[in-house]
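Everything below concerns the one structure shown next.
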Amino acid sequence: MKNISPEKMARALEVYNKMIEAFVAQDVPFDRFDDDLVIKSQYKGQDFPIDFIFNVDPQKECVTFISDSFAEFPDEKLKDAAFATAVANFGMAFGHFDLNLSEGNVYYVMSTSYIDSTLGEQFFFFMLATALSTADRYNDRFFMLAKGMIDLQKFIELEES
């Protein structure tokens, strides 16, 4: 990691190690990539497994959760994907969905800064539980919309119910 001050790198390593302690304490299996300050894992949700990563960014001084893509939308469904992403994001207190237009993929992202903060095991458990429950709630909806199993109106109805 280039051009990172020793102080920022030390703080990032402290946060990364706390995150690892939290995963171990919660007995969550994971792979660690220490050079990149990344943890990869998988959660078996109600419908689909959710692959995800946690990344500590020493430059931005934040921790980010990113789910793997829930669905790949074909070009003709990108407008539906964009609208569904906006509908899902409305009123969301923690995290958000992103749509990568060039790939047609929807991801769930949650991040927080650790500047002047102490992040402990309970915080990482909260972040993980919140991110995974949100991802689990929506992954099948985005998948069904992408595959034409439901239309945009049904996606909206599911959100309102």
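No lab work stands behind these numbers, since they all come straight from the coordinates. Just so it is clear, the model here is predicted, and its values are computed rather than measured. Please note: Cβ atoms are built from the backbone with ideal geometry, for glycine as well, and neighbour counts cover all protein chains shown.
Among the trypsin sites (Lys or Arg not before Pro) in the range 1-48, which ones are in a DSSP loop with at most 10 other Cβ atoms within 10 Å of the Cβ? Mind listing them?
Values: sites: LYS2, LYS8, ARG11, LYS18, ARG32, LYS40, LYS44; in loops: LYS2.
Answer in residue order: LYS2.
Only four residue types carry charge here, +1 at the Cβ of Lys and Arg and -1 at the Cβ of Asp and Glu. Report the dipole size of the chain about the Cα centre in Debye, rounded to the nearest 20.
Numbers: 14 positive and 27 negative charges, 27 e Å.
Here the size comes out at about 140 debye.
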5 Å is the cut-off here: which amide hydrogens, built 1.01 Å from N in the peptide plane, fall below it relative to LYS147, excluding neighbours closer than 5 in sequence? none
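What's the extension gain from PHE126 to GLU72 if we count 0.36 nm per residue and subtract their Cα-Cα distance? Spell out each step's value before the answer.
Working: separation 54, 0.36 × 54 = 19.44 nm, distance 2.82 nm.
Stretched fully, the PHE126-GLU72 segment lengthens by 16.6 nm.
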Determine, for ILE53, ILE150, ILE4, the number of other Cβ atoms within 10 Å of each Cβ, and report the residues in order from fewest to most. ILE4, ILE53, ILE150
Nearest 10 degrees, 0 to 90: helix 6-25 Cα axis against the chain principal axis: 60
What pairs from LYS2/LYS60; LYS2/LYS40; LYS18/LYS40; LYS18/LYS44; LYS79/LYS154 go past 20 Å between their alpha carbons? LYS2/LYS40; LYS18/LYS44
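Which of the chymotrypsin sites (Phe, Trp or Tyr not before Pro) found in the range 36-107 are in a DSSP loop and have at most 16 neighbouring Cβ atoms, other than their own, within 10 Å? Could you put the intermediate results ahead of the total?
Working: sites: TYR43, PHE52, PHE54, PHE65, PHE70, PHE83, PHE90, PHE94, PHE97, TYR107; in loops: PHE70, PHE90, PHE94.
Counting only loop positions with at most 16 other Cβ atoms within 10 Å, the chymotrypsin sites (Phe, Trp or Tyr not before Pro) in the range 36-107 are PHE90, PHE94.
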When each pair of different Cα atoms in the range 1-53 is counted once in the 1/r mean, what is the Kirkwood radius in angstroms, to one decimal? 12.5
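Restricting to DSSP loop positions (anything but H, G, I, E, B) with no more than 11 other Cβ atoms inside 10 Å of their own Cβ, which GluC sites (Glu not before Pro) remain in the range 43-121? Intermediate results must be reported in sequence, preceding the final value.
Numbers: sites: GLU61, GLU72, GLU76, GLU103, GLU121; in loops: GLU61, GLU103.
Here the GluC sites (Glu not before Pro) that fit, given the DSSP loop and packing criteria, are GLU103.
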Note to self: C-alpha centroids of the range 47-75 and the range 102-116 sit apart, in Å, by 6
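Contact order normalised by length for the chain, with contacts defined as Cα pairs under 8 Å and 6 or more residues apart; what percent is it?
Numbers: 237 pairs, mean separation 38.4, N = 161.
So the answer I get is 24 percent.
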Quick one: give the max-minus-min coordinate of the C-alpha atoms of the range 49-158 along each principal axis, largest first, in Å. 45, 26, 25
Can you give the angle from 0 to 90° between the axis of helix 78-89 and the longest principal axis of the chain, with both taken from C-alpha atoms, to the nearest 10? 60
